[in-house]
1. How many residues does region 61-85 hold that are over 17 Å from LYS32 (Cβ atoms) and in contact with a Leu (Cβ under 8 Å, 6 or more places away or on another chain)?
2. Any idea which of ALA80, ALA68, ALA64 is in contact (Cβ under 8 Å) with a residue 24 or more places away in the chain and part of a helix (DSSP H, G or I)?
3. Residues in region 82-94 that are surrounded by 14 or more Cβ atoms within 10 Å (Cβ to Cβ) and over 13 Å from GLU27 (Cα atoms): how many?
4. Can you tell me which residue among THR75, THR47, THR97 is touching a Gly at 6+ places or on another chain (Cβ under 8 Å), polar (S, T, N, Q) and surrounded by 10 or more Cβ atoms within 10 Å (Cβ to Cβ)?
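The values are calculated or read from the model by the stated rules, or taken from the named source; none is laboratory data. This structure is a prediction, so every number in the text was calculated from the model and none was measured. Methodologically, a virtual Cβ is constructed for each residue, glycine included, from the backbone with ideal geometry; neighbour enumeration extends over all protein chains shown.
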Amino acid sequence: MITRVSLIAIIVISGWVNAIAAVPLEEGRQVKQISRIVHGKCTGVITHREGQQLRMQQFQIRQAKVAARADGRVTKREKAQIRFKQMKANRNIYRKTLN
């Protein structure tokens, strides 16, 4: 009985490791950007219209990630494009909080 339980645990853990390895694109960066947008909206630094624009940009980044993962493989070019979009969004958030 103990061997069955440990075998099942090993299978489950290896599935988690494979699932984590299958998601090469970083999600933490986008989570931080969204929290910065929400914080800016709550403090009044970002207007309603600016918030809409920034949220739309985040949506487009998410769509690009989904499209990149659709075929099961994310190429270097797709990663670079997503990274560029995230850097651009980061600059936009920074600019809109200071204006």
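1. 4
2. It is ALA68.
3. 5
4. THR97
Every residue, every condition in (1) at pLDDT below 95; (2) closer than 14 Å to ALA89 by Cα, yes or no:
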{"position": "VAL23", "(1), (2)": "yes, no"}
{"position": "VAL31", "(1), (2)": "yes, yes"}
{"position": "GLN57", "(1), (2)": "no, yes"}
{"position": "ASP71", "(1), (2)": "yes, no"}
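Let's see how each residue does on (1) part of a helix (DSSP H, G or I); (2) in contact with a Leu (Cβ under 9 Å, 6 or more places away or on another chain); (3) on the phi > 0 side of the Ramachandran plot; (4) modelled with pLDDT under 95:
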site: ALA9; (1), (2), (3), (4): yes, no, no, yes
site: VAL12; (1), (2), (3), (4): yes, no, no, yes
site: GLU26; (1), (2), (3), (4): no, no, no, yes
site: MET87; (1), (2), (3), (4): yes, no, no, no
site: ARG91; (1), (2), (3), (4): yes, no, no, no
